[in-house]
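Chemist: What follows is a single structure, and I will ask about it in a moment.
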């Protein structure tokens, strides 16, 4: 290969730009639609890589090795140009995906197909360029795969930094700039007019990136299913963050529930508020209050204030504090010290700094402290106990930038999370949750089953004595909010009587308390014995199994029979009400099933079709099935491990954003280093393969043991030390994860060099499918099972390649392993 250093640098830049683009696109489509469809579009866009592998396999000029790096500069240039055009077009396509499910508006299917093409084209051009560079590497395949993974690892970090400082749209322009720079490097010795075109494109994309930091070049509009639909003109302040895009509206007067119910009896004019939205939904707000909160009448009329009426409160912790309404409610009820924790630093900046003077009541007497942190991480690093811990409507309706899920996971509602809260309550402290009630109940009921499982595990013999559930009136056509109180000590009859009087005065309803029987699902579950509770959960229409850190899908309360029953009208969801429209149907499962079906069909087209149409492949079929199994297994196994570890480390490293930055980047970078080290097997790759797979299995098993037995005891470490521990624990596993791919390519080269691009394409398809299958496995069996499944997948892949080697033994180019 000519100019290998330029090719390596270009490969690094291309991989980096692809990851930056993928991360930024996930955020863009989380704004344009909902997180479910963001994952769908990104996953199917990555089909471009698989299609590129197939194209490289059947295109004769590539298969014959006629294309040099200078000509590949053209594909890098096309990647840069199509990146800018794709985001410009995608942001202007009318696409309201929720309407497909909610209103049977199938015109959006056409929009979806157009989006697949528009977004997939840049990935195709990038895939052609990256795939051919790796295929041309020859004896340097380890170095090139190292550059590829190193670029991806740096891109994972760069994508997060880019979104936080430049915004998601400008981040895509930056990705195009990096691709244009790679084109200039690859085409340095090529035709003059192309060099001029590459240079001009570099200047244009760099200019767009610089201009995008000053003005909004491509305004994004929210769909009708979001609260911010057609309200962009009311936005006063807007800023991107990897956790979610924050929009702050101009002040206006209105009755807001703020993650909880407002008493029917309150009819006085409300104070002005500034709405704060995350990705156009999940509203919170800053209440413009100057007076002492004790004198603000409306603050005593919110349902989430009920915990403060049971007994005097000294200290309170509000997780997901948002605009500060829960802190004002705590002040109104006399709390002496309130700590508000929020994961999004943009929200904290807006409340604490930018709009501090809009709500002087929050800061007037020093009782309120606001902290940027993930709730459980804050608890583990503080030794303080609280009289009240409040979570009002805290959920995950935004897409993680890892682009992994079509379904929402949340570690604030697991059995282990409940134990963390329980352990940080005072002797008579109360844990208070505001969640939608729904009809039939599901979220609040699942909260009860999870809390009960924690209480039983903690040795509480009568968990029903520690629980009270209340509900408020319906709000804006949505289901009522419910308030679940979990008290460290049993509720007394006097406390319950006082709660009932307080609720009745405000038009709220008590759904469960330990001293009165009522005919509803909460009483049926809590009043049953252990066997009865288990039977109730098993027979219930919705999935209300207790969630754990290993299976944290709290908001996925649908069963597969509901998904398949939608087509026959036997889903059991008729008359179901509550929440946002997208929460009334199993949208996450539908998207996952739809994605898998499409992926399987497209995989047949793009992977198998080249085999049957390419004469070169038909003539080199010995062991081809084994090669397919091996590279498919590498894609599946890698994604199973990556996604499972991203979530397993989430709480330990301080939240999903830090997990993306530390865990994902560590895996990719260490894998890149491992691919470079694997060159020691270049003379005997067959024997090296067996050693690598064995070492990978041992490292995966060791990681599982560390996560289960060591990490819980290290939660008290400072955050930077946790990051170091995470990176160190991933080092051996990451090294071995990077070795099988280049080692396999060396073996394929000895069988038939022409099928190396096809093998790379198979791996690309399997990577996308692996992310979806990992979610399925994790939902039904947990992340630990997903890791164990990855081990089995790697074993199958290794056996497949060894079988292929055996089939080719005796051929002139084959190695005797």
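Chemist: Considering the convex hull of the alpha carbon atoms of region 207-273, report its projected area averaged over all viewing directions, in nm², one decimal.
Modeler: Reported value for the Cα convex hull: 6.4 nm².
Chemist: Something else: Tell me, how many Å apart are the Cα centres for region 174-226 and for region 321-347?
Modeler: When both Cα centres are located, 43 Å separates them.
Chemist: Which order results if 216, 753 are arranged by neighbouring Cβ count within 10 Å, fewest first?
Modeler: So the ranking, lowest neighbour count to highest, is 216, 753.
Chemist: Here's a follow-up. What's the whole-number percent of alpha carbon pairs in the chain lying beyond 44 angstrom?
Modeler: Value for the chain: 29 percent of Cα pairs lie more than 44 Å apart.
Chemist: Something else about it: At 222 nm, what value in deg cm²/dmol follows for the chain if DSSP H runs of at least 4 each add -39500 (n - 2.57) and the sum is divided by all its residues, to the nearest 500?
Modeler: -17000 deg cm²/dmol
Chemist: Now for a separate question. Ranked highest first by the average count of other Cβ atoms within 10 Å around their residues, in what order do 669-677, 319-327, 107-115 fall?
Modeler: Put in order of decreasing packing, that is 319-327, 669-677, 107-115.
Chemist: Can I ask one more? Using 0.36 nm per residue, how much length does the chain from residue 706 to residue 427 gain when fully extended, once their Cα-Cα distance is taken away?
Modeler: Contour length minus the Cα-Cα distance gives 97.2 nm.
Chemist: Which value, in Å³ per residue, describes the convex hull spanned by the Cα atoms of region 674-744?
Modeler: Dividing the Cα hull volume of region 674-744 by its residues yields 68 Å³.
Chemist: From the C-alpha gyration tensor of region 620-817, pull out the three semi-axes of the equivalent ellipsoid (sqrt of 5λ each), sorted largest to smallest, in whole Å.
Modeler: Numbers: eigenvalues 213, 55, 35 Å².
Taking √(5λ) for each Cα gyration eigenvalue gives 33, 17, 13 Å.
Chemist: Apply 1/(1 + (r/R0)^6) to the Cβ-Cβ distance of residue 698 and residue 85, taking R0 = 45 Å, and write down the FRET efficiency to the nearest 0.05. Don't jump to the answer; show the numbers that get you there.
Modeler: Values: r = 47 Å, r/R0 = 1.05.
The computed FRET efficiency comes out at 0.45.
Chemist: Take the Cα gyration tensor of region 98-176, multiply each eigenvalue by 5, square-root it, and list the three semi-axes largest first, rounded to whole angstrom. Write down the numbers at each step before the final one.
Modeler: Values: eigenvalues 222, 77, 21 Å².
Computed over region 98-176, the values are 33, 20, 10 Å.
Chemist: With 10 angstrom as the radius, rank 221, 713, 333 by how many other C-beta atoms surround their C-beta, starting from the fewest.
Modeler: By the 10 Å Cβ count, ascending, the order reads 713, 221, 333.
Chemist: Another one. Could you give the length gained on full extension between residue 604 and residue 252, defined as 0.36 nm per residue of separation minus the Cα-Cα distance, in nm?
Modeler: Fully extending the segment from residue 604 to residue 252 adds 121.2 nm.
Chemist: Would you order 769, 215 from fewest to most other beta-carbon atoms within 10 Å of each residue's own beta-carbon? Don't skip to the answer; put the middle values down first.
Modeler: Values: 769 21, 215 6.
Least crowded to most crowded, the residues run 215, 769.
Chemist: In nm, to one decimal, how far is the modelled label at residue 682 from the one at residue 291, with both set 7 Å along Cα→Cβ?
Modeler: A separation of 7.9 nm, rounded to one decimal place.
Chemist: While we're looking at this one, here's another question. Using C-alpha positions alone, give me the convex hull volume of region 193-241 per residue in cubic angstrom.
Modeler: 124
Chemist: Follow-up. Can you give the FRET efficiency to the nearest 0.05 for residue 92 and residue 474, using r as the Cβ-Cβ distance and R₀ = 41 Å?
Modeler: With R0 = 41 Å, the Cβ-Cβ based efficiency is 0.65.
Chemist: What are the semi-axes of the equivalent ellipsoid for region 460-557, taken as the square roots of 5 times the Cα gyration tensor eigenvalues, largest first, in whole Å? Don't jump to the answer; show the numbers that get you there.
Modeler: On the way: eigenvalues 113, 74, 33 Å².
Each semi-axis is the square root of five times an eigenvalue, giving 24, 19, 13 Å.
Chemist: Turning to a different aspect of this structure: Under the definition of Cα pairs under 8 Å and six or more residues apart, what whole-number percent is the relative contact order of the chain? Could the numbers behind the result be given before it?
Modeler: Values: 1584 pairs, mean separation 124.9, N = 817.
15 percent.
Chemist: Across 10 Å bins from 0, what is the distribution of all Cα-Cα pair distances for region 252-539, in whole percents?
Modeler: Calculated P(r), rounded to whole percents: 6, 30, 38, 22, 5, 0.
Chemist: Also, quick follow-up: Translational diffusion coefficient of region 628-721 at 37 °C, 0.692 mPa s, Stokes-Einstein with Kirkwood Rh over Cα pairs, in µm²/s as a whole number.
Modeler: It diffuses with D of about 219 µm²/s by this estimate.
Chemist: For a Förster distance of 56 Å, can you work out the FRET efficiency between the beta-carbons of residue 457 and residue 203, rounded to the nearest 0.05?
Modeler: Approximately 0.35, to the nearest 0.05.
Chemist: When Rg is the radius of gyration of the Cα atoms in region 1-225 and Rh is its Kirkwood radius, what does Rg/Rh come to?
Modeler: Checking Rg against Rh, the ratio lands at 0.99.
Chemist: A further question follows. Separation between the residue 229 and residue 193 pseudo-spin-labels, each 7 Å from Cα along Cα→Cβ, expressed in nm?
Modeler: Going by the 7 Å Cα→Cβ label model, 4.9 nm.
Chemist: Between residue 5 and residue 336, what is 0.36 nm times their sequence separation minus the Cα-Cα distance? Round to one decimal in nm.
Modeler: 112.8 nm
Chemist: Could the peptides 638-645, 434-441 be put in order, highest first, of the mean number of other beta-carbon atoms found within 10 Å of their residues? Don't skip to the end; give the middle numbers.
Modeler: On the way: 638-645: 25.9, 434-441: 22.9.
Highest-to-lowest ranking by the protection proxy: 638-645, 434-441.
Only the coordinates and a few stated rules stand behind these numbers; no lab work does. These numbers come from a predicted model, not from an experiment. Cβ: placed from backbone, ideal geometry, glycine included. Neighbour counts: every protein chain shown.
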